[in-house]
Amino acid sequence: MTRRICVSGASSGIGARIAVDLARDDTDLTLLARRADRLDEVATRAREAGAASVSPVAVDLSEPGEALTTALKTATANGGFDVIVAAAGANAALSGDAPAGLAEAGGAAWAAWHWEANFRANVLTAVTLIEGLRELGGVADGASILLFSSIAAYRGSGSGSYAGTKAALHPYAYDLASALGPDGVRVNVVAPGYIAETGFFQGQMSAQRHETLAGQTLLGRAGVPEDVSGTVRWLASPASRHVTGQIIQINGGAQLGH
Ligand SMILES: NC(=O)c1ccc[n+]([C@@H]2O[C@H](COP(=O)([O-])OP(=O)(O)OC[C@H]3O[C@@H](n4cnc5c(N)ncnc54)[C@H](OP(=O)(O)O)[C@@H]3O)[C@@H](O)[C@H]2O)c1
């Protein structure tokens, strides 16, 4: 049976890889992110990989409103999603979007800016998607929902705000899993460690830092999007049918346990 799947953050990195890998199963795919041109490229790869249908939708998920509601209504016109992968996210402090001089000045104004920007990038992008879909009946009975945290939620991210906003998704997932469990809906969180070959670091990952992060793993290498996609494919499948309310770390052993 064709599964209806929604992947956010599908224009780049981990989300793009997940979209293409899930397309290999029998799927109707909806791909969400802001950059239409990048989404179109991924949509082409997903069709080539075998998806039954692919609908790329350019939308800012941190902005609840008419554009998002219209996009989600169209996407769910034929029924709710069986799999929802909320991979959209960013460390806003790396984005270069802050007003000129703010980061250099530091202090409370800079802190307020990056905390708010990271809240929008990591919490609202997930919450507006999931709650928007729930409002429209867009979560099918028996669905698998996946949220994206980070190793940073366990050990910090330097400035606090990226890590803190990823950690905020953990209790949200627990509450969602409780609320939706009676409908057979599973809710889990994946928390990747350092994943190379993504747009996440905005060109600011030095060779030396790459080696340091790879060296912190027990497997001696950096992760790549395929490493996350494999786990996501399992969590999206009936093979993981008794797994809900969990946070699954994917970090090559760079952070143990939890
Ligand atoms: N790479 C890592 O080392 C790492 C580690 C731990 C966790 N993660 C998490 O993994 C997820 C995927 O990141 P990635 O590494 O693949 O980075 P990436 O290549 O930069 O991808 C991030 C994706 O999120 C989308 N996005 C960001 N803000 C959005 C918004 N407001 N509305 C809609 N889409 C938005 C981006 O698309 P547009 O720019 O086109 O909107 C892009 O598709 C993120 O949640 C990230 O925090 C990454």
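The values are calculated or read from the model by the stated rules, or taken from the named source; none is laboratory data. Just so it is clear, the structure is predicted and the values come from calculations on it, not from any experiment. Every residue, glycine among them, receives a Cβ derived from its backbone with ideal geometry; neighbour counts consider all protein chains shown. Heads up: the accessible areas ignore ligands, DNA and RNA and are worked out on the full protein's heavy atoms, side chains in. Shrake-Rupley method; radii C 1.70, N 1.55, O 1.52, S 1.80 Å.
Every condition in (1) open to solvent by less than 20 Å² (accessible area, probe 1.4 Å); (2) farther than 11 Å from residue 7 by Cβ; (3) more than 13 Å from the ligand (Cβ to nearest atom) holds for residue 68 except the one numbered (3).
For the range 229-240, what are the residues that are open to solvent by 20 Å² or more (accessible area, probe 1.4 Å) and away from the ligand (no atom under 15 Å from the Cβ)?
Matches in the range 229-240: 233, 234, 237, 238, 239.
Scanning the range 13-31 for residues that are within 14 Å of the ligand (Cβ to nearest atom), outside any helix (DSSP H, G or I) and open to solvent by 30 Å² or more (accessible area, probe 1.4 Å) yields a count of 0. Scanning the range 242-258 for residues that are surrounded by fewer than 15 Cβ atoms within 10 Å (Cβ to Cβ) and more than 16 Å from residue 147 (Cβ to Cβ) turns up 242, 253, 256, 257. Return a yes/no flag: does the range 215-228 have any residue that is crowded, with 17+ Cβ neighbours inside 10 Å and closer than 30 Å to residue 135 by Cβ. Within the range 215-228, one or more residues are crowded, with 17+ Cβ neighbours inside 10 Å and closer than 30 Å to residue 135 by Cβ. Beta carbons closer than 7 Å, at least 6 apart along the sequence or on distinct chains, pair a first residue in the range 80-108 that is under 19 Å from residue 18 (Cβ atoms) and part of a loop (DSSP other than H, G, I, E, B) with a second that is open to solvent by less than 40 Å² (accessible area, probe 1.4 Å) and of a type in the set (Ser, Thr, Tyr) for 87/8; 88/8; 88/125; 89/125.
For the range 96-130, residues that are open to solvent by 30 Å² or more (accessible area, probe 1.4 Å) and closer than 19 Å to residue 58 by Cα total 3.
For the range 131-147, the set of residues classified as open to solvent by 10 Å² or more (accessible area, probe 1.4 Å) and touching a Gly at 6+ places or on another chain (Cβ under 7 Å) consists of 137, 139, 140, 141, 142, listed by residue number.
Does the range 204-221 contain at least one residue that is within 12 Å of the ligand (Cβ to nearest atom) and of a type in the set (D, E, K, R)? Yes, the range 204-221 has at least one match. Considering 94, 169, 124, the condition of being farther than 20 Å from residue 198 by Cβ and near the ligand (Cβ under 10 Å from one of its atoms) is satisfied by 124 alone. Based on this model, can you work out whether residue 34 counts as under 21 Å from residue 130 (Cβ atoms), surrounded by fewer than 18 Cβ atoms within 10 Å (Cβ to Cβ) and basic (Lys, Arg)? Considered against the rule, which asks whether it is under 21 Å from residue 130 (Cβ atoms), surrounded by fewer than 18 Cβ atoms within 10 Å (Cβ to Cβ) and basic (Lys, Arg), residue 34 comes out as yes.
Would you pick out the residues in the range 108-164 that are in contact with a helix residue (DSSP H, G or I) (Cβ under 7 Å, 6 or more places away or on another chain), over 15 Å from residue 8 (Cβ atoms) and among the small types (Gly, Ala, Ser)? Hits for the range 108-164 are 109, 117, 150, 152, 153, 156, 157, 159, 161, 163. Has the range 187-196 got any residue that is more than 8 Å from the ligand (Cβ to nearest atom), over 14 Å from residue 153 (Cα atoms) and open to solvent by 10 Å² or more (accessible area, probe 1.4 Å)? No. Scanning the range 52-65 for residues that are within 8 Å of the ligand (Cβ to nearest atom) and in a loop (DSSP other than H, G, I, E, B) yields a count of 5.
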